[in-house]
1. Exposure proxy check: 59, 40 ranked by fewest other beta carbons within 10 Å?
2. Rounded to two decimals, what is the ratio between the C-alpha radius of gyration of the chain and 2.2 N^0.38 Å?
3. Using alpha carbon coordinates only, what is the Rg to Rh ratio of region 44-108, with Rh defined as the Kirkwood radius?
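Coordinate-derived values only; no laboratory data. The structure displayed is predicted, hence computed values, not measured ones. Reconstructed Cβ throughout: ideal geometry from the backbone, glycine too, with neighbour counts over all protein chains shown.
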Amino acid sequence: MRDVNPATVERQLMELSVALDTAQVDLAALDEAAVRAKQSYEVAFARALLTAQGSNADSRKAAATLAVESQALDADIAAAKVRAAKEKVGVLRTRIDVGRTIASSLRTSYEMAGRGAA
């Protein structure tokens, strides 16, 4: 078990805070990329649908879907990256909460031992 004291907890909280800031900036960039990818896919699909050949709406829609499959995949991957980044932000927030709880517990322990919060 690692040595847990107020200084190590404080250092960990500072590191987690920086990581959270970075993760939130990354999330914003990924979110923008996902919006752009989705828009690109939707426009490409609409164009493909307008030019698709087929005897009925279903066959034209299928042709358009096949024509833009790479854009659809890009949009899905971008959305998955956003979900993963949101999960990372959530995990970092949870870790910070745990660190705060540990810090509070340590502070109480030090006060009860008469040593003050060192």
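1. Working: 59 12, 40 16.
Least to most surrounded, the residues fall as 59, 40.
2. Details: Rg = 24.9 Å, N = 118, 2.2 N^0.38 = 13.5 Å.
After normalising by residue count via 2.2 N^0.38 Å, the value is 1.85.
3. My calculation of the ratio gives 1.52.
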